[in-house]
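Okay, structure first, notes after.
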Amino acid sequence: MYLKDFNYLRPKSLTEACEMLQKSRDGALIAGGTDLLVEMKMGLRHHEDIISLVDINELKQIEDAGDYIIIGAGVTHSSIANSVLLKQNYSALSEASSNVGTEQVRNAATVGGNICTGASCCDTGPVLLASDCILELTDINGSREISVKDFFVFHRKTAIKKGEILTRIKVPKLKAGTGISIEKFGLRSAASISVASAVALITINNGVCAGAKIVIGAVAPTPFISESASKILIGAKIHELIHDSELLNKAGDAAVADSDPLSDIRGSANYRKQLVKVLVKRTIKNAANRATN
Ligand SMILES: Cc1cc2nc3c(=O)[nH]c(=O)nc-3n(C[C@H](O)[C@H](O)[C@H](O)COP(=O)(O)OP(=O)(O)OC[C@H]3O[C@@H](n4cnc5c(N)ncnc54)[C@H](O)[C@@H]3O)c2cc1C
């Protein structure tokens, strides 16, 4: 299908992009275009103005800010996958990005575009949720910060208001004794959208679980924190987390109970629930192992 005509605008600065977005009646931002152009080609959306973020260098930086890493919304999955800073301090994000699509997709597609599409199957959303990362949204009047847990509102609906651009993502560095892990299940080994995914963030203190966050993707209208699975892990002994155990079964069952999957072309709701249990157990083991190493 051919695209309908649109104006392609290419601002040179963030301020100019905000002004263009504010002025435009129905303007849409484009970063890598790997979601937007697919949706436009399928006739799911049309915009008179497409405003490109490609020339805005300040959106393309990964910075070390002490206890945090600041990631520009326009950083590509390839850059995140290869970032030594992220691999050393928040490895699951690099792992998530390294499993997005194909190399061609990862070279163009951005982390900002990934979460701004608001799809429940996005691969970076659950990893950002695990540490309650902070998002910076900017418009012509300035910037505001929002926790990523308030960002995902429903499938393909986020808290971004008209005129706002996601500019930066603030990721807390993992502290000693904390491990993070992501497990994604897709139908192929590459270029595969998540059928289900699970992230575990585990803190171990004196051989006991002192903190746990379990996040699930692609099995509800948004990625979400399974509070009940997270709670079950607190106080667990390390051996219960790194080996098969009744506790891991309980955490897996709790995450399944919190899920609300749809049946679609990639898998039935029942299949997804079974996946959640397997992925949650696997990712807890991995995160707990990392927390102790
Ligand atoms: C073949 C293929 C395979 C894929 N595989 C995966 C996969 O395995 N996992 C996965 O999660 N996704 C996958 N995707 C989806 C897509 O590649 C990702 O979601 C990607 O990160 C989108 O980023 P983008 O820069 O291309 O976004 P764009 O398409 O440019 O934009 C997406 C949306 O976000 C908005 N937007 C972009 N940047 C901003 C910003 N800074 N502020 C506000 N709004 C913004 C746009 O207006 C648009 O609505 C795949 C896509 C394709 C085509």
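Of note:
- In region 239-255, the residues that are closer than 15 Å to Val208 by Cβ reach residues that are of a type in the set (Ser, Thr, Tyr) and surrounded by fewer than 21 Cβ atoms within 10 Å (Cβ to Cβ) with C-beta atoms within less than 8 angstrom, at least six apart or across chains, in these pairs: His239/Ser245; Ile242/Thr292.
- Any chance Ile146 is without any contact (Cβ under 8 Å) to a residue 24 or more places away in the chain and more than 22 Å from Val38 (Cα to Cα): yes
- Residues of region 66-79 that are more than 12 Å from the ligand (Cβ to nearest atom) and in contact (Cβ under 8 Å) with a residue 24 or more places away in the chain: Asp67, Tyr68, Ile69, Ile70.
- Scope region 114-168; condition more than 8 Å from the ligand (Cβ to nearest atom), of a type in the set (Asp, Glu) and either surrounded by 21 or more Cβ atoms within 10 Å (Cβ to Cβ) or modelled with pLDDT of 95 or more (or both); matching residues: Glu136, Asp139, Glu145, Asp150
- Test: residue in region 57-66 that is within 16 Å of the chain's Cα centre (by Cα) and small (Gly, Ala, Ser): no
Here is a yes/no grid of residues against (1) surrounded by fewer than 19 Cβ atoms within 10 Å (Cβ to Cβ); (2) in contact (Cβ under 8 Å) with a residue 24 or more places away in the chain; (3) near the ligand (Cβ under 10 Å from one of its atoms):
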position: Phe6; (1), (2), (3): yes, yes, no
position: Glu19; (1), (2), (3): yes, yes, no
position: Lys23; (1), (2), (3): yes, no, no
position: Asp35; (1), (2), (3): no, yes, yes
position: Lys41; (1), (2), (3): yes, yes, no
position: His47; (1), (2), (3): yes, yes, yes
position: Leu53; (1), (2), (3): no, yes, yes
position: Asn57; (1), (2), (3): yes, no, no
position: Gln61; (1), (2), (3): yes, no, no
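One line per residue, one yes/no per condition, for (1) outside the structural domain of Arg156 (by TED's automatic domain parsing); (2) more than 16 Å from Ala109 (Cβ to Cβ):
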| site | (1), (2) |
| --- | --- |
| Leu21 | yes, yes |
| Glu39 | yes, no |
| Ala73 | no, no |
| Leu85 | no, yes |
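- Qualifying residue in region 221-234 (condition: in contact with a His (Cβ under 9 Å, 6 or more places away or on another chain), in contact (Cβ under 8 Å) with a residue 60 or more places away in the chain and not in a strand (DSSP E or B)): yes
- Scanning region 92-107 for residues that are part of a helix (DSSP H, G or I) and near the ligand (Cβ under 6 Å from one of its atoms) turns up just one, Val105.
- Asn82 being under 25 Å from Ala291 (Cβ atoms), near the ligand (Cβ under 10 Å from one of its atoms) and of a type outside the set (A, V, I, L, M, F, W, C): no
- If the condition is being within 14 Å of the ligand (Cβ to nearest atom), at negative phi and part of a loop (DSSP other than H, G, I, E, B), then region 176-191 contributes Gly186, Leu187, Arg188, Ser189, Ala190.
- Note on region 254-293: residues that are surrounded by fewer than 17 Cβ atoms within 10 Å (Cβ to Cβ) and assigned to a helix (DSSP H, G or I) total 7.
The values are calculated or read from the model by the stated rules, or taken from the named source; none is laboratory data. In this text, all values refer to a predicted model and were calculated from it rather than measured experimentally. As a convention, Cβ positions derive from the backbone with ideal geometry for all residues, glycine included, and neighbour counts pool all protein chains shown.
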